[in-house]
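I have placed the structure first, in the form of structure tokens, so that the comments after it can refer back to it.
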Amino acid sequence: QLSLTEEEKQLLAQEGVTLPSTLPLTQAEEQILKKVRRKIRNTQSAQDSRWRKKEYLDGLESRAAACSAQNQELQKKIQELEKLNRSLLQQLQALIKQTSNKTA
């Protein structure tokens, strides 16, 4: 007894081929069945490949978004530290000026 999956039956019908329901198959029929099964495997492999690629790209996009957010936070922190640095520099200059006035 030859058992075919729905996909195999559908592909055989698309190609206009009918196989007997009992074994053994002729060599030509075996070749047709192998070809159909290979097409199904290739289709599944292609779907899997597209899915893996999509997952990979989604991961990259989320990493890029996270890096972009972190970059913005760090830029903000740099601005705050530069502002603080300028303020401390002004205070230092004022102190130096005061001490130079006292010693003079």
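Assuming charge only on the beta carbon of Lys and Arg (+1) and of Asp and Glu (-1), the dipole of the chain about its Cα centre is about 780 debye to the nearest 20. Could you work out what % of the accessible surface of the chain is carbon and sulfur, using a 1.4 angstrom probe and leaving DNA, RNA and ligands out of the count? For the chain, the apolar C and S fraction of the accessible surface comes to 53 percent. In this structure the amide hydrogen of residue 2, modeled in the peptide plane, comes within under 5 Å of the amide hydrogens of 22, 23, none closer than 5 places in sequence on its chain.
For segment 47-58, 3J(HN,Hα) computed residue by residue from phi via the Karplus equation (6.51, -1.76, 1.60; θ = phi - 60°) reads 4, 4, 4, 5, 5, 4, 5, 4, 4, 4, 5, 4 Hz, glycine and proline entered as x.
Modelled label positions at residue 73 and residue 101, each set 7 Å beyond Cα in the direction of Cβ, lie 4.4 nm from each other. Taking every DSSP helix (H) stretch of at least 4 residues in the chain, weighting each as -39,500 (n - 2.57) and dividing the sum by the residue count yields a mean residue ellipticity at 222 nm of -30500 deg cm²/dmol. Using a probe of 1.4 Å, the accessible surface attributed to residue 97 totals some 130 Å² when neighbouring protein chains are kept in position.
What residue among 68, 44, 14 has its Cα farthest toward the positive end of the dipole of the chain, where the charges are +1 on Lys, Arg and -1 on Asp, Glu, each on the Cβ? Checking the options against the dipole of the chain, the answer is 68.
Solvent-accessible area per residue in the chain equals 88 Å², computed with a 1.4 angstrom probe and all protein chains kept. In order along segment 36-41, the phi-based Karplus estimate (6.51 cos²θ - 1.76 cosθ + 1.60, θ = phi - 60°) of 3J(HN,Hα) comes to 5, 5, 5, 4, 5, 4 Hz; Gly and Pro are listed as x. Modelled this way, with points 7 Å down the Cα-to-C-beta line, the labels at residue 84 and residue 14 are 6.5 nm from one another.
Taking θ as phi - 60° and the Karplus parameters 6.51, -1.76 and 1.60, the scalar couplings of segment 76-88 work out to 5, 5, 4, 4, 5, 5, 5, 5, 4, 4, 4, 5, 5 Hz in sequence order, x denoting glycine and proline. Spin-label model, residue 22 to residue 37: label points 7 Å out along the Cα-to-beta-carbon direction sit 2.2 nm apart.
The values are calculated or read from the model by the stated rules, or taken from the named source; none is laboratory data. The shown structure was predicted, so the numbers you read here are calculated from the model rather than taken from an experiment. Here Cβ is always computed from backbone atoms with ideal geometry, including for glycine, and neighbour counts include all displayed protein chains. Areas reflect the complete protein model, heavy atoms only, side chains present, ligands, DNA and RNA absent. Shrake-Rupley method; radii C 1.70, N 1.55, O 1.52, S 1.80 Å.
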